[in-house]
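Written out below as structure tokens is the structure these notes cover.
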Amino acid sequence: MGRLCVGYFLVGKNLSSALIVRGDKNTYHTMFHLKEGDPAPDFAAPNEKGEIVRLSDFKGKKLVLYFYPKDDTPGCTAEACSLRDGYSQFVNQGYAILGVSPDSPKKHVKFIEKYSLPFSLLADEDHQVAEAYGVWGPKKFMGRTFDGIHRTTFVIDENGRIERIITKVDTENHAAQLLGA
């Protein structure tokens, strides 16, 4: 891994910072760092049914938008099941929930059916949503460096602003982590 730099960019009307990482073979990875209070970046991605879902579909509603690396892996399953188990509490407080991973719609269908998930999962196969939210970038696992999703949850208010960002996700207790705030 190479040098790190911080750059500043205009995102909408807000000044946001970005972490620019110089990787191997002179490749560069940019991770935007959104802040609480920033407008949430709009997105358009297919859900498990192939329907295009946009942030604007949730205008006037609160949204829990959680990014996770891969369907049906231990941590991602624990996180999804925690949110499933707390789902009625989220609905009672006026929240919708959307999960986002690079998995295909077909994989999402199997994951939803296997664990009876009551919310949609977005297929971000080209990483556009993850990149817009600054959660796609270099990771290390078992001594190997690769690009992937950094597990992060964004709570977005009725006006489309980021109310809360959770980067240290407690996968087994994520619903309580969100609802207990």
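Coordinate-derived values only; no laboratory data. The structure displayed is predicted, hence computed values, not measured ones. All Cβ positions, even for glycine, are placed from backbone atoms using ideal geometry, and neighbour counts span all protein chains on display.
Between the DSSP loop rule and a limit of at most 12 other Cβ atoms within 10 Å, which GluC sites (Glu not before Pro) in segment 33-66 are left? Kindly include the intermediate steps, with their values, before the conclusion.
Details: sites: 36, 48, 51; in loops: 36, 48, 51.
Those that pass, being in a loop and sparsely packed, are 36, 51.
Where a Cα-Cα gap under 18 Å defines reach, which lysines qualify for residue 140, not counting those fewer than 8 residues away within the same chain?
Result set, ordered by chain and number: 25, 70, 168.
Compute the FRET efficiency between residue 92 and residue 59 as 1/(1 + (r/R0)^6), taking r as their Cβ-Cβ distance and R0 = 22 Å, and round to the nearest 0.05.
Working: r = 21 Å, r/R0 = 0.93.
Efficiency, rounded to the nearest 0.05: 0.60.
Can you tell me the Rg and Dmax of segment 39-179, counting just the alpha carbons, in angstroms?
According to the Cα coordinates of segment 39-179, Rg and Dmax are 14.0, 44 Å.
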